[in-house]
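Asks: Pasting a structure here, questions to come.
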Amino acid sequence: MRFFLIDKITTWEPGRLAEAVKNVALSEDFFDDHFPRRPVMPGVLMIEGMAQVSGLLLEAGLKDKYAKDAKAVLTLLERTKFRDLVRPGDRLVYRSEVTALNANGGKVSVQALREGQPVVTSGMVFAFVYVDDPHLAQKRQALMDLWRQP
């Protein structure tokens, strides 16, 4: 199963800044087991959502700055803090800011915000992996087009 933990990209400045929204619904599959009668969004899925938007941001920055296409792979979390629980009905805003970018990888400072208040903060380090798969590239572009619709 593949989780897409971004509903919409709302701010997009390749190689610099991105914001994306995730509306947390009670119908999410993970709430069946986490936890029965007391649903809480798993922290690892908030990290995954932040990594998804951050990886896309770094990939776009790589393309703009170095004219290269690669897949950003999360390699390290730094200073990660979980500050509050996220429940059904919450709206998360993932905010990712690039702090370093080169041809081998990049680093971001990222937050998951609820009503402007941080619920998760982290530094994330990514490595670039070069993959030549036109089908994957086409699927990823279709998702980006969907997420960035006005």
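Asks: Run through every distinct alpha carbon pair of the chain and return the Kirkwood hydrodynamic radius in angstroms, one decimal place. Can you show the working numbers first?
Replies: Details: mean 1/r = 0.0635 Å⁻¹.
With all distinct Cα pairs of the chain included, I get 15.8 Å.
Asks: Quick one: dipole size for the chain, taken about the Cα centre, charges +1 on Lys/Arg Cβ and -1 on Asp/Glu Cβ, in debye to the nearest 20.
Replies: With only Lys, Arg, Asp and Glu charged at Cβ, the dipole is about 280 debye.
Asks: Enumerate the amide H contacts of LEU17 below 5 Å, restricted to partners 5 or more residues apart or on another chain; note that Pro and chain-start residues carry no placed amide H.
Replies: VAL98
Asks: Can you tally the lysine pairs in the chain where the Cα-Cα distance is under 28 Å and the two residues are eight or more apart, or on different chains?
Replies: 25
Asks: Okay, which of the range 88-131 sit inside 16 Å, backbone N to the point 7 Å along the Cα-Cβ direction of ASP69?
Replies: Label zone hits: 129-131.
Asks: Helix 43-66 versus the longest principal axis of the chain: what angle, 0 to 90°, nearest 10, using Cα atoms?
Replies: Rounded to the nearest ten degrees, it is 20.
Asks: Could you tell me how many degrees, from 0 to 90 and to the nearest 10, lie between the Cα long axis of helix 134-147 and the main elongation axis, the longest principal axis, of the Cα atoms of the chain?
Replies: With both axes taken from Cα atoms, the answer is about 50 degrees.
Asks: For every helix of n ≥ 4 consecutive DSSP H residues, a contribution of -39,500 (n - 2.57) applies; sum these over the chain, divide by its total residues, and give [θ] at 222 nm rounded to the nearest 500 deg cm²/dmol. Each step should come with its number before you reach the end.
Replies: Working: 2 runs with 38 residues, N = 150.
Value at 222 nm, helices only, nearest 500: -8500 deg cm²/dmol.
Asks: I've got another one for you. Given a 10 angstrom Cα cut-off, can you work out which residue in GLN111, GLN52, GLN138 is the most mobile in a GNM of the chain?
Replies: In the Gaussian network model the winner is GLN138.
Asks: Moving to a separate point now. For the range 21-35, just list the computed ³J(HN,Hα) in residue order, Karplus coefficients 6.51, -1.76 and 1.60, θ = phi - 60°, integers in Hz, with x standing in for Gly and Pro.
Replies: 10, 10, 8, 8, 9, 4, 6, 4, 4, 5, 6, 4, 10, 10, 10
Asks: Could you compute the FRET efficiency for LYS81 and GLN141, with r as their C-beta to C-beta distance and R0 at 35 Å, rounded to 0.05?
Replies: Numbers: r = 34 Å, r/R0 = 0.97.
Approximately 0.55, to the nearest 0.05.
Taken together, the values in this text are just the output of simple stated rules run on the coordinates, not laboratory data. The shown structure was predicted, so the numbers you read here are calculated from the model rather than taken from an experiment. Every residue, glycine as well, gets a Cβ built from its backbone with ideal geometry; the counts of neighbours run over all protein chains shown.
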